[in-house]
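In what follows, a structure is listed as structure tokens, so that the remarks can point back to it.
Read the figures in this text as sums done on the coordinates, not as results from a lab. No experiment lies behind these values; they were computed from the predicted model shown. For neighbour counting, all protein chains shown are included, and Cβ atoms are generated from backbone atoms with ideal geometry for every residue, glycine included.
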Amino acid sequence: MGIDDKFKNAAEDAGGKLKETAGRATDDEELQAEGETDQTKASLKKAGENVKDAFKD
């Protein structure tokens, strides 16, 4: 997994957490759901990259 990919995934995860928190604070269910979706996408990308790395060895 490249450094760029790790950084992008971490940024997407952090952004998702911020959106989720802001959504909860403002009772904006749509923003909260969007944040949760962003976090899920980042987690799936990370898992996919980990699988790729496992097969490289």
Pick from the stretch 1-41, criterion small (Gly, Ala, Ser) and surrounded by 13 or more Cβ atoms within 10 Å (Cβ to Cβ), ranking: nearest to residue 53 (Cα to Cα): 14
Just wondering, is there one or more residues in the stretch 37-53 that are in contact (Cβ under 8 Å) with a residue 24 or more places away in the chain, among the aliphatic types (A, V, I, L, M) and on the phi < 0 side of the Ramachandran plot? yes
When you check residue 45 against the structure, is it within 9 Å of the chain's Cα centre (by Cα), within 21 Å of residue 7 (Cβ to Cβ), part of a helix (DSSP H, G or I) and among the charged types (D, E, K, R), yes or no? yes
